[in-house]
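Have a look at the structure below before the remarks.
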Amino acid sequence: MALTACGGDLSNAVFVEDAAFRAALPQLDLSLAWPGGEVIVEEPITGAELLALPPTQDGLQELSAALDLLQLTVSPALSLSPSERGEDYRVWGPYPFDEAPGSFIRLEMSRTRDRALYSVALQAAATSLGPWTEFSVGLWSEEPLDDDLIGELGWDWGAFGAATGISAEGHFTLAWSEGGEHLRLTLAEIGGLESATLNLALAEGGGALTTEARVDLDDAGALPESLTLRSAWDSAGAGRGALRVSGGDLGLISNTAEHCWAADGALLWFSDEEGWGTTSGDELACLLPPP
């Protein structure tokens, strides 16, 4: 009788429901490495490199770091059994968090009765017994929350640091579409960065990145500058972008730099309105149209 019960419909239903909760967690197996490989900036820097490829690379690195951190944080819930179960909630943990040795994570999930909306809360503590501090909350929905984005998870570094003893500041939110072809990362109050929104769209091996940010570019000014970047690349890694910088300590000055690069990351053409960089190459060498 016991063996029959363990393999019966009730047991199967529990595992099916566990899987439904897990499906609301980010499970995005994406490579956000720069497709053209590492770009090496040789001295002396002309200014072109500062306005061209690095902002695109930096944007992808920020997205990749946020994605890796969230995946690392929630991955135990994808393999461990819940420590608590209810009709419309699950709890995983506490489990050790390798990124902050000696600290622990507790993951709580709940859902609406129609099972159309799931909520996620991550808590941290310096011991497995608590006290627990909530540092991350998120949602997953059957219907898109915004555009085609079905899930989002935020991270408060200040709350996380207070719970684990790590020195950290700022916060970010990562949102994703089904399959991860569209990612949106918002950052705030991290270092000299006041705020930033990065949108990445992947298709047919290539991608397009749009970034809008307010950041203190010179690290010494009193006011942050506004930065807008649009770039796109094909499956081989060749791409093109345009970066506009304005406001802040620049006052009424603004500058737009346009550029394109080859599949290996080599800069093919660069030109900017204000002459901050050295004009080089030929726009006719660009393989992609302006993004």
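Quick note: the coordinates plus some simple rules give every number you see, no bench work behind them. From a predicted model like this one, the values you see are computed outputs, not experimental measurements. For neighbour counting, all protein chains shown are included, and Cβ atoms are generated from backbone atoms with ideal geometry for every residue, glycine included.
Stretching the chain fully between residue 79 and residue 113 yields a gain of 9.7 nm (0.36 nm per residue, less the alpha carbon separation). Working from label points 7 Å from Cα in the Cα-to-Cβ sense, the residue 223 to residue 12 distance is 6.7 nm.
Extension gain for residue 99 to residue 253 (0.36 nm times residue separation, less C-alpha to C-alpha distance): 51.2 nm. Report the Cα centroid-to-centroid distance between the range 112-181 and the range 243-287 in angstrom, as an integer. Centre-to-centre distance over Cα atoms comes out at 37 Å. For the range 202-261, the direction-averaged projected area of the alpha-carbon convex hull comes to 4.4 nm². Summarising the overall dimensions of the chain from its C-alpha atoms, the Rg and Dmax are 22.6, 82 angstrom.
Computed on the Cα atoms alone, the convex hull of the range 80-168 gives a volume of 106 cubic angstrom per residue.
Mean Kyte-Doolittle hydropathy of -0.5 or higher plus an axial Cα length of 27 Å or more: which whole DSSP H helices in the chain meet both? Helices passing the filter in the chain: 53-79. Backbone amide hydrogens, once placed in the peptide plane, bring residue 181 within less than 5 Å of nothing, excluding anything fewer than 5 places away on its chain.
Subtracting the Cα-Cα distance of residue 203 and residue 274 from their residue separation scaled by 0.36 nm leaves 22.2 nm. When the Cα positions of 141, 105, 154 are compared along the charge dipole of the range 80-168, 105 comes out farthest toward the positive end, with charges on each C-beta of Lys, Arg, Asp and Glu.
Rg/Rh for the range 58-215 stands at 0.98; both radii use Cα atoms, and Rh follows the Kirkwood definition.
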